[in-house]
Every structure is written in C-alpha cells, then in structure tokens.
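Enquirer: Encoded as structure tokens, here's the structure I'll be asking about.
The values are calculated or read from the model by the stated rules, or taken from the named source; none is laboratory data. Computed from a predicted model, the values in this text were never measured in an experiment. Cβ placement follows ideal geometry from the backbone for every residue including glycine, while neighbour counts extend to all protein chains displayed. Areas reflect the complete protein model, heavy atoms only, side chains present, ligands, DNA and RNA absent. Shrake-Rupley method; radii C 1.70, N 1.55, O 1.52, S 1.80 Å.
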Amino acid sequence: MRIHFEPDACVGHGRCYALAPQVFDADDLGHCVVLLSEPPAELADAARLAVASCPEDALTIDE
Amino acid sequence: MDPGDAVNPQTGEANPYLPEVAANPIPFYERLRDHLPVAMFEGFGRGTWIISRYEDVRWALKHPEIFSSDFVAVDIGQDRPLIPLQIDPPEHAKYRRVIDPTIGPHEVAPLEGELRVVVNDVIDSFIARGSVDAHAEFTVPLPCIVFLSMCGLPLEDLDKLLVWKDNIIRPNTGDPEQDAKVRRATGAALYAYFEDAIDQRRGGSGTDLLTRFLTSEVDGRSMSQEEMLDICYLFVLGGLDTVTSTLDCSLAHLAQDPIQRQLLADDQSIVPAAVEEMLRYHTPVMQILRAVAQPVELHGHKFEVGDTVMLMLGSADTDPTEFGEDASEFDATREVNRHLAFGGGPHRCLGSHLARLELRVALEEWHRRIPDYTVAEGAHLEYSPGIREIVSLPLVFEPVTVAVAE
C-alpha cells in the first residue's frame, strides 16, 4: 500500500490526522503531513478510512 | 406546513428562511435536490440562486474564481470585507498563513484540560436543579468563555458581545431596510470596541490572539489596524455563534433519540464520530453565499456575473449520492463522512479545529455527568433560520448533588 498526497488540493479539513494519527500529522496551517507513505498492515484500515474521508480528494491509495 | 412545501417546482422557487424549514430541513433539502437543483429564493430584497446537490456544492466551493466570496455577496454591517472570509485567492492565502497557525490543531490541543474544567463548572451551575435551558445556560456560555479567554477579553464584556453578535446575524426586525440599519449601527460599535482592545495591547507581550495579530506579518509587513479589525469582526461572528448552534442541535437531537444517546453515554470513544455526524446531519450553518465572478452554466441554468448564489451546505450533507441510502438518518457511528458543514475549498472554516475540540469535550462531559435527559414536557423548540440556533432548549434530567469544596 502506498499513499499519495496532493498538497495543492489540501485545505486543512484535518480528517486524515484525526482518523489515522499514526499515519498523518498536521503542519502549522492544519494541512496534511504524511508520516508513513507506506503504512504497516496494522495501520492499513485506519489509513484507508482517512484517505476515503478527505472531502477534497487530496489523498489516494495504491493498494 | 410540511417543510418540503417550501420548494415549488412549478415556479422554480424555494424559501429556506422559514422557521418550519429551520426546524426540520431534511424534507426541504430532499425536494430541492430532486426537483430544483438550481432554485430561486426571492429574499433579502433581491433574487438568490440556490445550489443544493453535494457534487455541485463541492465543485462551487473549490472554484472561488467562479464563485467569489467578494464583499458584495453579503452585507452584515461591515465597512470592509471580513478577513479572510470575504477575500478571494490569491490575497486570501496571505491572511490564512497568519491566522490559521493561531488556531491550528496543534495550537488548540493543549487547551483541552482547561476546557474540560470550564465545561464542568458550567454543568455544576445547574446539575443540582434537574432542569436547564441548555441554550442559555450551556451552549451559549461555553464557546463564549473560550473565545474571550483566547482573545484576552474580560468576561464581563460577554453580554454586550452577545447582543452585538445577534444584532448582526439575526436582527429579526421583519424589515430588510431596518435590519440593515441595526447591522450598520452594531458594526460601528463592534469596530470601536476592538479598536480600543487593540490599542490597549500595543507594545504589550501577551499571548492572546489580538496581541499575536499585532506582532505578526502579512507579506513582510505588520497588519494595519483596519486589517486586524476585519479579522476580529469575523471572529465574533464565527466564535460566538456556530458552536452554540451545533451544541443546540446536538443536545436537542440526543434528548429525542434515546438509542443514539445511549451509544454515546456507554462508549465515549464514539464521540468524535458522533460530532462529525451532528455536523453532517444538522449542518448548523445551513448555507453560505457567493457572488458569480465568471459566466457559468449548471443543469442548463446560465449564471451571470454578479448573481448571488446560496450554496446549501445542509442539503449537500444529506445527499444520498454521497452519503448513501441512509443519508437522511442519524448514525453516530457513521464511518466515512465527507460532510461540508465547515465549507470546503480554500475558505474551509478556519475555526474548525477549535470547534471540533469544543464540541467533543462538551459532549463527553455532558454525557459523562448527564447520560439521561429529555426535552421538558410541552416545550416547543424554535430553530432560527440560516444558522440553526434553538431559541430556548429546556431539558430535564435526574438532579445530581454537587459536592462543594470546603
């Protein structure tokens, strides 16, 4: 699994780091910072939920 | 009347500003999306186009070059555009770069402990009674105490600020011209108040938001007095009204939905998801306004430059094409929830991180201490249109004696 992040699409809804705090963090503007672009299996479900929850489609996953 | 009757497919008109709609908007939203994806609202002394489907609203939010937030879109008694709400990109980003870090997620997280104390103090003030007007005594004071403390303003100014905030958001004189006059006079008082507050902080070393604005730079220069006032104006409207409305809608909902309330009371780990579902299902800020800046066509309707457009966030948030067949049902455990209650695109609500923290802590502490409650018998809940505050929210519960420290 590989996470792709499109910084220009992110506006800081903050759903990703709220739902998968071990995979994503926030910068000082509240925009997404990807901590683990290839999350381990035990974080995969949380990462998928976080990616699916982005209202701006700034995150995608290659399974 | 049935809220759906506020949509008239024959004339193409719809009216979201009716109390029946504010109290129960979902049937109204559904009829809008199904029959009039572009509707006309003849209110505010001019025509406003309503856009209501999820993908249309999301698309409009992402295209500020077409749907501008420029000043003309809404008159709320201000002398100049509110910063950053009524500023378009690219200028908009310069202000967000300064303001967002002051209420970003890492900045607000350390407030949680203090916030929990405030919430419990407020609950202590009524829990022994077994009854409360949750609007006047819980949902209004909470966000206001937080706001005043963050801005370093005295608590005794609260009543004055609340009157001003209501005069601007819902003057309710029944006459658009009179409404505009009330807003204008209130706006002047608000500017004068913050001019004083800013002057008092010049040269100071406080950590409150106003002092931080004084020392921060936009584009390599200090902000002018006017720029700071234009931010403060927005903060009063955003900081004092929207969390109140969300908590009103949340407590009123859960008071009447014992199954979902029990879920929350039994397992506090679902509160964050429940907060998102409250925001989605109730979308307290029902709609936001934009001004058309480029000719554009949608569902065969040609918008012209200068048209005013209402993006119906509440309708987008209950659209089954995004949220599935159970979109019009409340589910505190809903997983994927891409609601637009905080808007979207570059203008995404800049107070959203603070709002989420306040909502979560308030609902956690309320349900820890008052897990079982109902709406007082015979009470009629009146929702205010536009921003869905509940005028009075009488709740009853089993009284609890509060231990008083010696």
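Enquirer: Find how much the distance from B:Arg368 to B:Met1 grows on full extension, using 0.36 nm per residue of separation minus their present alpha carbon separation; answer in nm with one decimal.
Expert: On the way: separation 367, 0.36 × 367 = 132.12 nm, distance 3.78 nm.
Full extension of this stretch gives 128.3 nm more.
Enquirer: Kindly sort B:Phe342, B:Phe44, B:Phe28 by accessible area of their heavy atoms, largest first, with the probe set to 1.4 Å.
Expert: Sorted by accessible area, descending: B:Phe44, B:Phe342, B:Phe28.
Enquirer: If you take each beta carbon of peptide A:15-24 and count the beta carbons of other chains within 10 angstrom, what is the mean?
Expert: Across the residues of A:15-24, the mean count of other-chain Cβ atoms within 10 Å is 2.
Enquirer: Counting pairs of alpha carbon atoms under 8 Å apart in space and at least six apart in sequence, what relative contact order in percent does segment A:1-59 give?
Expert: Computed value for segment A:1-59: 43 percent relative contact order.
Enquirer: Can you give the accessible area of B:Asp79, probe radius 1.4 Å, in Å² rounded to 10?
Expert: Solvent-accessible area, nearest 10 Å²: 90 Å².
Enquirer: Given the rule -39500 (n - 2.57) for each run of at least 4 DSSP H residues, summed and divided by the residues of chain B, what is its mean residue ellipticity at 222 nm, to the nearest 500 deg cm²/dmol?
Expert: The helix contribution divided over chain B gives -14000 deg cm²/dmol.
Enquirer: Out of the total accessible area of segment B:170-296 (probe 1.4 Å, heavy atoms of protein only), what percent is carbon and sulfur?
Expert: Heavy-atom surface of segment B:170-296 belonging to carbon and sulfur, 1.4 Å probe: 50 percent.
Enquirer: Let's test the formula: R0 of 56 Å, r as the Cβ-Cβ distance of B:Glu156 and B:Glu325. What FRET efficiency results, to the nearest 0.05?
Expert: Details: r = 51 Å, r/R0 = 0.91.
It comes out at approximately 0.65.
Enquirer: Counting residues in segment B:150-229 as N, plug N into 2.2 N^0.38 Å and put the Cα Rg over that result.
Expert: Here the answer is 1.30, to two decimals.
Enquirer: Let me ask something else about it. In square angstrom, what is the accessible area per residue of segment B:106-194 with a 1.4 angstrom probe?
Expert: Heavy-atom accessible area per residue stands at 45 Å².
Enquirer: Please state the shape class of the protein assembly as shown: rounded when a/c is under 1.5, otherwise prolate if a/b exceeds b/c and oblate if not, all from the C-alpha gyration tensor.
Expert: In terms of gyration-tensor shape, rounded.
Enquirer: Could you state the number of Å between the C-alpha centres of segment B:206-261 and segment B:50-68?
Expert: Computed from Cα coordinates, the inter-centre distance equals 24 Å.
Enquirer: On the accessible surface of segment B:10-105, probed at 1.4 Å, how many percent belong to carbon and sulfur atoms?
Expert: Solvent-exposed carbon and sulfur of segment B:10-105 make up 54 percent of the total.
Enquirer: Where does each of B:Lys302, B:Lys165 land when they are ordered by accessible area, with a 1.4 Å probe and the largest first?
Expert: From most exposed to least exposed: B:Lys302, B:Lys165.
Enquirer: Say R0 is 30 Å: what FRET efficiency, to the nearest 0.05, do B:Arg116 and B:Arg170 get from their beta-carbon distance?
Expert: 0.45
Enquirer: How many angstrom lie between the Cα centre of segment B:80-147 and the Cα centre of segment B:11-34?
Expert: Centre-to-centre (Cα) distance: 29 Å.
Enquirer: Would you kindly find the accessible area of B:Lys160, with a 1.4 Å probe and non-protein molecules such as ligands, DNA and RNA excluded, rounding to the nearest 10 Å²?
Expert: Accessible surface of B:Lys160 is approximately 90 Å².
Enquirer: Taking Cα centroids, how far is segment B:338-406 from segment B:159-199 in Å?
Expert: Comparing the Cα centres of segment B:338-406 and segment B:159-199, I get a distance of 25 Å.
Enquirer: Right, something else. Interface size between chain B and chain A, please: total buried accessible area, 1.4 Å probe, rounded to the nearest 100 Å². Write down the numbers at each step before the final one.
Expert: Working: alone 17420 and 3840 Å², together 19670 Å².
Approximately 1600 Å², summed over both chains.
Enquirer: Based on Cβ point charges of +1 for Lys and Arg and -1 for Asp and Glu, what charge dipole magnitude is obtained for chain B about its Cα centre, in debye rounded to the nearest 20?
Expert: Dipole about the Cα centre, nearest 20: 860 debye.
Enquirer: About its Cα centre, what dipole magnitude does segment B:257-406 give when the only charges are +1 on Lys and Arg Cβ and -1 on Asp and Glu Cβ, stated in debye to the nearest 20? Intermediate values should be presented prior to the final figure.
Expert: Numbers: 12 positive and 25 negative charges, 119 e Å.
With only Lys, Arg, Asp and Glu charged at Cβ, the dipole is about 580 debye.
Enquirer: Please give the per residue accessible area of segment B:301-383, computed with a probe of 1.4 Å over protein heavy atoms only, in Å².
Expert: 37 Å²
Enquirer: For chain B, list the DSSP H helices whose alpha carbon atoms reach 24 Å or more along the long axis and whose average Kyte-Doolittle value is -1.0 or above?
Expert: Flagged H segments are B:176-201, B:225-255, B:352-369.
Enquirer: Using the charge dipole of segment B:92-189 (Lys, Arg: +1 at Cβ; Asp, Glu: -1 at Cβ; taken about the Cα centre), state which of B:Leu111, B:Asn167, B:Val146 has its Cα farthest towards the positive end.
Expert: B:Asn167
Enquirer: To continue, here is another question. What nm value, rounded to one decimal, do you get for the distance between B:Ser125 and B:Asp266 when each label is placed 7 Å out toward the C-beta?
Expert: Modelled inter-label distance: 3.4 nm.
Enquirer: From a point 7 Å beyond the Cα of B:Ser216 in the direction of its Cβ, which residues of segment B:335-354 have a backbone N at a distance under 12 Å?
Expert: So the set is B:350-351.
Enquirer: Another question, then. Using a basic spin-label model with each label point 7 Å from the Cα along Cα→Cβ, how many nm lie between B:His299 and A:Leu49?
Expert: Here the answer is 3.4 nm between the modelled labels.
Enquirer: Testing the spin-label approximation: label points 7 Å from Cα along Cα→Cβ at B:Thr333 and A:Leu36. State their distance in nm.
Expert: 2.5 nm
Enquirer: In what order, largest first, do B:Cys349, A:Cys54 sit by accessible area if the probe radius is 1.4 Å?
Expert: The ordering from most to least exposed comes out as B:Cys349, A:Cys54.
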